[in-house]
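Contents: one structure, followed by commentary.
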Amino acid sequence: MKRWYLLIALLAAVSAVVAAGKDHIVSQKNKAFSAATLKVKVGESVTFRNDDPFFHNIFSLSEIQSFDLGSYPQGQERKATFTKPGRVEVECAIHPDMKMVIEVEK
């Protein structure tokens, strides 16, 4: 009986991970995103990793999804999960030339 409980708990954990969706990684290096455009599906996440020796502040004012991940130093990451389909324009508040587009698909 104990094995059944363990199996049910394991299946629930796996289901939660699958439901959360895929996690994409975008690096920030030399004051640029590692991708100019990225396609993700609703429910998936993008982790922004700072590989520069200075701070970045990643944000979006897009109608589909706005967010501000705050400022963070080299070696740290911030994550955004996308909940609606559409085009999300992403920028760095500290480095205005840093821009990318995330296309969120159903």
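Once R0 is set to 25 Å, what does the formula 1/(1 + (r/R0)^6) return for the Cβ-Cβ distance between ALA93 and LYS22, expressed as a FRET efficiency to the nearest 0.05?
On the way: r = 27 Å, r/R0 = 1.07.
That gives a FRET efficiency of 0.40.
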Practice item. Give a residue-ordered list of calculated ³J(HN,Hα) values for segment 78-87 (Karplus: 6.51 cos²θ - 1.76 cosθ + 1.60, θ = phi - 60°; whole Hz; x for Gly, Pro). Key: 9, 10, 10, 10, 9, 10, 9, x, x, 9
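How far, in nm, would the chain grow between LYS84 and THR37 when pulled straight, counting 0.36 nm per residue and subtracting the alpha carbon separation?
Gain on stretching LYS84 to THR37: 15.2 nm.
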Point to revise | Dipole magnitude (debye, nearest 20) for segment 21-105, charges at Cβ of Lys, Arg, Asp, Glu | key: 160 debye
Study note, to complete from the structure: Sequence order, segment 96-106: Karplus ³J(HN,Hα) from phi using 6.51 cos²θ - 1.76 cosθ + 1.60, θ = phi - 60°, Hz rounded, Gly and Pro as x, gives x, 7, 7, 9, 8, 10, 10, 8, 9, 10, 5
Review point. Excluding same-chain residues fewer than 8 positions from LYS106, which lysines have a Cα within less than 19 Å of its Cα?
Key: LYS22, LYS39, LYS41, LYS84
Point to revise | Nonlocal amide H pairs with HIS56, under 5 Å, H built at 1.01 Å | key: TYR72
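With a/c under 1.5 counting as rounded, go ahead and sort segment 17-63 into rounded, prolate or oblate using the C-alpha gyration tensor (a ≥ b ≥ c being the square roots of the eigenvalues; past the cut-off, prolate if a/b is larger than b/c, else oblate). Working shown, then result.
Details: a/c = 2.22, a/b = 1.74, b/c = 1.28.
The shape class here is prolate.
Please report the antiparallel percentage of DSSP beta bridges with both residues in segment 20-106, rounded to the nearest 5.
65 percent
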Point to revise | Per-pair calculated FRET efficiency, R0 = 30 Å: LYS29 and SER66 via Cβ, rounded to 0.05 | key: 0.75
Point to revise | For segment 21-105: rounded, prolate or oblate by the Cα gyration tensor [a/c cutoff 1.5] | key: prolate
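The numbers here are math on the coordinates, done by the rules we state, and not lab data. Small disclaimer: the values here were computed from a predicted structure and weren't measured. Cβ atoms come from the backbone with ideal geometry, glycine included; neighbour counts cover every protein chain shown.
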